[in-house]
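See structure below.
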Amino acid sequence: NAGVTQTPKFQVLKTGQSMTLQCAQDMNHNSMYWYRQDPGMGLRLIYYSASEGTTDKGEVPNGYNVSRLNKREFSLRLESAAPSQTSVYFCASSAITGAYEQYFGPGTRLTVT
Amino acid sequence: EDQVTQSPEALRLQEGESSSLNCSYTVSGLRGLFWYRQDPGKGPEFLFTLYSAGEEKEKERLKATLTKKESFLHITAPKPEDSATYLCAVQGAGATNKLIFGTGTLLAVQP
């Protein structure tokens with residue numbers, strides 16, 4: 001039981017390049033989330049998917065798109081990377097939405113130059 | 001606006017020296033308060049969920065308590081392996097899918 005997995009672990013992009021961060025969970029959870037973590041800012045929600053087939057914006061969605069590919073997988077895409085998107089990105093999942101604990105993946109450290 | 005403030009920002013303890021971390025929150029209708037542990041270069045690891053004032057939860061050397069305005073994470077006789085950043089998050093009634101995180105307390109336990 002791997003929990004939440006993310007790929008890649010590290011990535012360096014040039015400004016304007018695009019990439020997709022992949023996330024998968026094997027806990028049969030319905031809800032999945034993407035966060036970014038910046039020094040002094042705490043974790044901030046980018047997008048979430050309450051259930052398969054639905055996605056909604058979080059606190060900081062600008063510059064990102066998501067796809068809930070199936071119940072297990074939730075990807076985050078940067079269409080045209082900017083230096084302000086340099087951050088550590090975490091995927092999380094929970095059984096359902098609401099006041100239920102979220103389980104996090106190991107993170108992707110992204111640097112945009 | 002929902003808000004979470006954690007204090008202190010950093011705490012250094014000697015092994016065996018008990019202490020508490022604080023999480024003050026402002027939220028419109030608390031649905032849940034969550035504690036996580038985060039090791040360097042890793043994702044947050046879930047510790048506890050508290051739902052209502054007066055509730056307490058324990059796990060090994062950690063005990064989390066909740067009042068209407070704050071939560072405490074008590075660490076009893078800490079060991080060096082308890083060194084990590086401890087994160088607090090709240091979910092309010094008006095934001096069914098959104099956790100508001102504090103910036104964390106960095107705990108270092110010296111042997």
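Read the figures in this text as sums done on the coordinates, not as results from a lab. Small disclaimer: the values here were computed from a predicted structure and weren't measured. In this analysis, Cβ positions are derived from the backbone assuming ideal geometry, glycine residues included, and neighbour counts consider all displayed protein chains.
Placing unit charges on C-beta atoms (Lys and Arg positive, Asp and Glu negative, everything else neutral), compute the dipole magnitude of segment B:12-111 about its Cα centre in debye, rounded to 20.
That gives a dipole near 340 debye.
Please give the peptides B:64-74, A:29-39 ranked by average Cβ packing (other Cβ atoms within 10 Å per residue), highest first, as a rough proxy for protection.
A:29-39, B:64-74
Please give, to one decimal in nm, the separation of the simple spin-label points placed at A:GLN17 and A:ALA2, each 7 Å out from Cα toward the Cβ.
2.4 nm
In peptide B:99-108, how many Cβ atoms from other protein chains are near each Cβ within 10 Å, on average?
Average neighbour count from other chains, rounded to a whole number: 4.
Greater than 27 Å separation of Cα atoms is the criterion. Which listed pairs, B:LYS42/B:LYS69; A:LYS71/B:LYS57; A:LYS71/B:LYS68; A:LYS71/B:LYS98; A:LYS71/B:LYS59, meet it? Working shown, then result.
Numbers: B:LYS42/B:LYS69 29 Å; A:LYS71/B:LYS57 31 Å; A:LYS71/B:LYS68 36 Å; A:LYS71/B:LYS98 20 Å; A:LYS71/B:LYS59 31 Å.
Distance filter (> 27 Å) returns B:LYS42/B:LYS69; A:LYS71/B:LYS57; A:LYS71/B:LYS68; A:LYS71/B:LYS59.
With a/c under 1.5 counting as rounded, go ahead and sort segment B:19-111 into rounded, prolate or oblate using the C-alpha gyration tensor (a ≥ b ≥ c being the square roots of the eigenvalues; past the cut-off, prolate if a/b is larger than b/c, else oblate).
Cα axes put segment B:19-111 in the prolate bin.
Using a/c under 1.5 as the rounded threshold, could you call the protein assembly as shown rounded, prolate or oblate? The axes a ≥ b ≥ c are square roots of the C-alpha gyration tensor eigenvalues, and prolate needs a/b larger than b/c, oblate otherwise.
Prolate is the answer for the protein assembly as shown, as a/c is 1.5 or above and a/b outweighs b/c.
Where the only charges are on Cβ atoms (+1 Lys, Arg; -1 Asp, Glu), what is the dipole of the protein assembly as shown about its Cα centre, to the nearest 20 debye?
420 debye
What is the mean number of Cβ atoms from other protein chains located within 10 Å of the Cβ atom of each residue in peptide B:43-53, rounded to a whole number?
For this peptide, the per-residue mean of nearby foreign Cβ atoms is 4.
Is segment B:42-92 rounded, prolate or oblate when judged by the Cα gyration tensor, a ≥ b ≥ c being the square roots of its eigenvalues, rounded requiring a/c under 1.5 and prolate requiring a/b larger than b/c?
Since a/c reaches 1.5 but b/c is at least a/b, the shape of segment B:42-92 is classed as oblate.
Output ³J(HN,Hα) for segment A:12-18: one whole-Hz value per residue in order, computed from phi by the Karplus curve 6.51 cos²θ - 1.76 cosθ + 1.60 with θ = phi - 60°, and x for Gly and Pro.
Here the 3J(HN,Hα) series is 10, 10, 8, 3, x, 6, 10 Hz.
Using the charge dipole of chain A (Lys, Arg: +1 at Cβ; Asp, Glu: -1 at Cβ; taken about the Cα centre), state which of A:TRP34, A:VAL88, A:PRO61 has its Cα farthest towards the positive end.
Farthest along the dipole direction, towards plus: A:VAL88.
Work out the charge dipole of chain B with +1 on the Cβ of Lys and Arg and -1 on the Cβ of Asp and Glu about the Cα centre, then indicate which of B:ALA84, B:CYS23, B:SER7 is farthest towards its positive end.
Farthest towards the positive end: B:CYS23.
Evaluate peptide A:102-109: per residue, the Cβ atoms of other protein chains within 10 Å of its Cβ; return the mean as an integer.
What the average comes to for A:102-109 is 4.
Hey, rough spin-label estimate for B:ASN22 and A:MET41, points 7 angstrom out along Cα→Cβ, what's it come to in nanometres?
With each label point 7 Å from Cα toward Cβ, the separation is 2.7 nm.
Work out the length of the dipole vector of chain A about its Cα centre, built from +1 on the beta-carbon of each Lys and Arg and -1 on the beta-carbon of each Asp and Glu, and round it to the nearest 20 debye.
About 260 debye.
Hey, fewest Cβ within 10 Å first, where do A:PHE104, A:PHE74 land in order?
Neighbour counts put them in this order, fewest first: A:PHE104, A:PHE74.
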